[in-house]
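Asker: Dropping the structure in here first, questions after.
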Amino acid sequence: MDAAGDPRPDTELLAAALAGDGEAFGAFYRRHVRQISAFHLARTHATHDAADLTAETFAAALGGLDRFDPERGEPVAWLFGIARNCLGALRRRGAVEDRARRRMGLPRLDLDDAALEQVEATASAELIRVELREGFDALPPDQRDAVVLRVLLDHDYAEVASASGVSEAVVRKRVSRGLSAMRARLAGRDPS
């Protein structure tokens, strides 16, 4: 038995995988994942790119099982052919992006950990803004109007009551309910 734990040769593993045996493809993957990862790492010199390319290689192999022909060569050679194609596609995408960046006169963007954290924080803030907007839009019109006038436009309760034709107590209740509904939405709870 080899390191993958399955004694069958690669050709049998691929045939079994094509017939629907997921464990057979898993054994094929375990048998060759280190070689494919090393292949990609040696060419990209970036662990995240190598990991992505390794995943793409095996995904393409799984999706293309019906195209494997044992008469044309060994399964490992077929797998390395897929790996080369995935690497070539990455390089082409990178070259296109590089040309576009240079044409626009933009510097190459290298993100360090602090920059990645800032991107995540910005994305989180944008999600909160979207959630607030959706929560605001979901409010009943009377609550939405009361929140806009009191909170966003900073009118006092008496002015909002006068503009709405209701009592201050009603305006306070509308503002309170509207803000509570939005807080509950942000917290992921049903405001009812």
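Asker: If Gln35 meets every condition in (1) loosely packed, with under 12 Cβ neighbours inside 10 Å; (2) closer than 13 Å to Phe80 by Cβ apart from one, which number is that one?
Answerer: Checking Gln35 against (1) loosely packed, with under 12 Cβ neighbours inside 10 Å; (2) closer than 13 Å to Phe80 by Cβ, the one that fails is (1).
The rows are residues; the columns are (1) modelled with pLDDT under 90; (2) within 19 Å of Ser37 (Cα to Cα); (3) in a helix (DSSP H, G or I); (4) aliphatic (A, V, I, L, M).
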residue	(1), (2), (3), (4)
Ala55	no, yes, yes, yes
Phe58	no, yes, yes, no
Asn85	no, yes, yes, no
Arg92	yes, no, yes, no
Arg99	yes, no, yes, no
Gly105	yes, no, no, no
Ala115	yes, no, yes, yes
Gln118	yes, no, yes, no
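Asker: Same structure, new question: When you go through His32, His45, His40 one by one, which is the residue that is assigned by TED's automatic domain parsing to the domain that holds Arg93 and on the phi > 0 side of the Ramachandran plot?
Answerer: On the way: His32 fails: on the phi > 0 side of the Ramachandran plot; His40 fails: on the phi > 0 side of the Ramachandran plot.
Among His32, His45, His40, only His45 is assigned by TED's automatic domain parsing to the domain that holds Arg93 and on the phi > 0 side of the Ramachandran plot.
Asker: Six or more apart or on different chains, Cβ under 8 Å: which pairs go from a residue in the stretch 149-164 that's without any contact (Cβ under 8 Å) to a residue 60 or more places away in the chain and under 15 Å from Leu179 (Cβ atoms) to one that's basic (Lys, Arg) and assigned to a helix (DSSP H, G or I)? Could you list them?
Answerer: Tyr157/Arg150; Tyr157/Arg172; Val160/Arg150
Asker: Considering only residues of the stretch 120-146 that are more than 14 Å from Leu186 (Cβ to Cβ) and not acidic (Asp, Glu), which is modelled with the lowest pLDDT?
Answerer: Filtering first and then ranking leaves Ala123.
Asker: Moving on. Specify the residue that is surrounded by the fewest Cβ atoms within 10 Å (Cβ to Cβ); the eligible residues are those in the stretch 60-83 that are touching a residue at least 40 places away in the same chain (Cβ under 8 Å) and part of a loop (DSSP other than H, G, I, E, B). Working first, answer last.
Answerer: As a first pass, look at the stretch 60-83 and keep what is touching a residue at least 40 places away in the same chain (Cβ under 8 Å): 62, 65-66, 68, 70, 74-76, 79-80, 83.
From the residues that got through so far, the ones that are part of a loop (DSSP other than H, G, I, E, B) too are 68, 74.
Working: Phe68: 19, Glu74: 12.
Checking each candidate, the answer is Glu74.
The values are calculated or read from the model by the stated rules, or taken from the named source; none is laboratory data. A quick note: this is a predicted structure, and the numbers were derived from the prediction, not measured. When we count neighbours, we look across all protein chains shown, and the Cβ atoms used for this are built from the backbone with ideal geometry, even at glycine.
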